[in-house]
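Report on the following structure.
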Amino acid sequence: MDQLDKKLYNDLNTQIEIPEKLDTIIKNGLNKKKSPYSFLKLIASVCIITFITSGVVLAGGKAVEKIWKEPQRVTMDYKENNNNDMTKENIMSEEEARKKGKEILEKFGYKNDKIKTIKLDKSPDDFDVAWCIESEDNIYIDFDAKGEEFFCISDDNVLYKDIEKYRTTEKEAEKTAKELAKKYGYDTEQYSYAEVSSNLNSESDSYIWNVTFYKEYDGIKNPYESIQVTFVPKINQICGLSVVNKKFENNPVEITKEQAKEIALKEEQKINVKYEVKNIEINLRIESMNGCAYLRTNDYEQLHKQTPADYPNEKWVFYRTDSRIRKIWLVTIVYDIPNKFAEDYNVNDERVSYFVDATTGEVIGGGSIF
């Protein structure tokens with residue numbers, strides 16, 4: 001469960017009246033939600049033969065440099081209150097961020113809009129820092145405070161307009177998304193893979209479309225080099241646009257699929273899971289290093305404790321890591337849970353994933369939503 005999931009889980013309760021139109025969009029969106037370019041992360045350390053003094057591991061019979069470092073344990077109140085390390089970073093000032101925010105509003109056609117709030121936000125999972133802006137007309141903008149690695153803009157006002165009557169096809173949606181991206185200065189020509197989805201189950205019913213363009217490496221899509229456009233067809237009104245352009249290391253695949261499976265299973269054995277393994281899924285992916293698998297194998301009780309929606313936000317524990325983006329084997333262990341209504345059932349034990357680095361064989365991330 002990432003921070004957005006937790007917020008939705010806590011905020012969208014029966015005490016809040018949700019407009020019917022928005023309720024439909026939320027329900028369909030959540031039902032189809034996958035783990036996106038993720039901004040949620042998970043990690044753990046792996047026991048392989050190591051040269052401790054040299055920082056080298058043996059992987060596939062070759063000596064390669066280790067990349068995993070002990071993560072930093074933080075809580076949510078650290079994220080909110082401790083900004084001491086920010087002064088050491090090359091972070092854009094508030095004055096510069098306001099200027100950039102105004103430029104973005106003008107670029108996307110909100111010339112007369114003004115900035116209402118601006119906040120510097122530090123991720124608890126990694127060392128990313130973003131400026132988060134809300135305008136007076138409820139336009140939301142987030143961008144990387146240290147460079148050009150990510151940017152997004154969203155306009156929720158579109159959802160309250162009379163948009164149900166507009167339709168398109170999947171093929172036309174991709175074409176329109178390319179044109180809209182180009183209109184705002186983002187060329188999709190180097191992005192060879194396109195993923196198209198909509199707010200409802202069929203073309204004939206859908207009136208909001210989402211198209212994400214990815215760069216590919218050896219046939220693997222890279223969510224950290226992507227352009228995502230969400231829009232209403234016919235009127236071509238943008239609900240949101242995001243660009244991610246993070247450094248990808250394009251590391252070679254030295255670890256085999258079977259080795260990755262053995263490494264992940266050995267890591268999972270660090271904790272005592274009472275269920276039987278039903279299935280193991282293994283895929284080659286591009287993912288960002290994160291601290292959640294480390295949380296599972298090193299702070300298992302805390303992980304379970306903080307999952308319920310009523311657990312205090314400020315007590316949530318995270319393990320911060322660098323945002324190194326690598327080819328990994330995504331090893332997902334699916335457990336057979338006979339009784340999901342049992343008192344000790346926890347969703348974290350149903351599908352457990354580990355990121356096994358494809359070069360070093362180290363566990364550098366994971367999760368329970370893949």
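The values are calculated or read from the model by the stated rules, or taken from the named source; none is laboratory data. As the structure is a computational prediction, the values presented were derived from the model and not from experiment. Cβ sites come from the backbone with ideal geometry, for glycine too, and all protein chains shown count toward neighbours.
Each row is one residue, and each column tells you yes or no for (1) exposed (fewer than 13 other Cβ atoms within 10 Å of the Cβ); (2) at pLDDT below 95; (3) small (Gly, Ala, Ser).
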site: ILE115; (1), (2), (3): no, no, no
site: PRO124; (1), (2), (3): no, yes, no
site: TRP131; (1), (2), (3): no, no, no
site: TYR140; (1), (2), (3): no, no, no
site: GLU149; (1), (2), (3): no, yes, no
site: SER154; (1), (2), (3): no, no, yes
site: ILE163; (1), (2), (3): no, no, no
**Request:** Among the residues of region 319-370, write down those that are acidic (Asp, Glu) and under 27 Å from LYS122 (Cβ atoms).
**Result:** ASP322, ASP357, GLU362
**Prompt:** Going by the conditions given, is ILE286 of a type outside the set (D, E, K, R), within 20 Å of VAL363 (Cα to Cα) and more than 21 Å from the chain's Cα centre (by Cα)?
**Reply:** no
**Message:** Please return the ranges of strands (runs of 3 or more DSSP E) entirely within region 95-180 where 3 or more residues are touching a residue at least 60 places away in the same chain (Cβ under 8 Å), within 30 Å of SER204 (Cα to Cα) and within 26 Å of the chain's Cα centre (by Cα).
**Reply:** 150-155
**Complete:** Pairing a residue in region 232-247 that is farther than 15 Å from ILE153 by Cβ and in contact (Cβ under 8 Å) with a residue 24 or more places away in the chain with any residue that is among the β-branched types (Val, Ile, Thr) and in a strand (DSSP E or B), where Cβ atoms lie under 6 Å and the two sit 6 or more apart in sequence or on different chains, gives LYS246/ILE325
**Request:** Identify all residues within region 188-210 that are in contact with a strand residue (DSSP E or B) (Cβ under 9 Å, 6 or more places away or on another chain) and either within 26 Å of ASN290 (Cα to Cα) or in a loop (DSSP other than H, G, I, E, B) (or both); write none if there are none.
**Result:** THR188, GLN190, TYR191, SER192, TYR193, ALA194, GLU195, ASN199, ASP205, SER206, TYR207, ILE208
**Asked** Assuming MET92 fulfils every condition listed in (1) at pLDDT 60 or above; (2) in a loop (DSSP other than H, G, I, E, B); (3) loosely packed, with under 13 Cβ neighbours inside 10 Å apart from one, which condition is it?
**Response** (3)
**Item:** Residue in region 171-222 that is surrounded by the most Cβ atoms within 10 Å (Cβ to Cβ), counting only those that are among the aliphatic types (A, V, I, L, M) and within 16 Å of LYS234 (Cα to Cα)
**Value:** ALA177
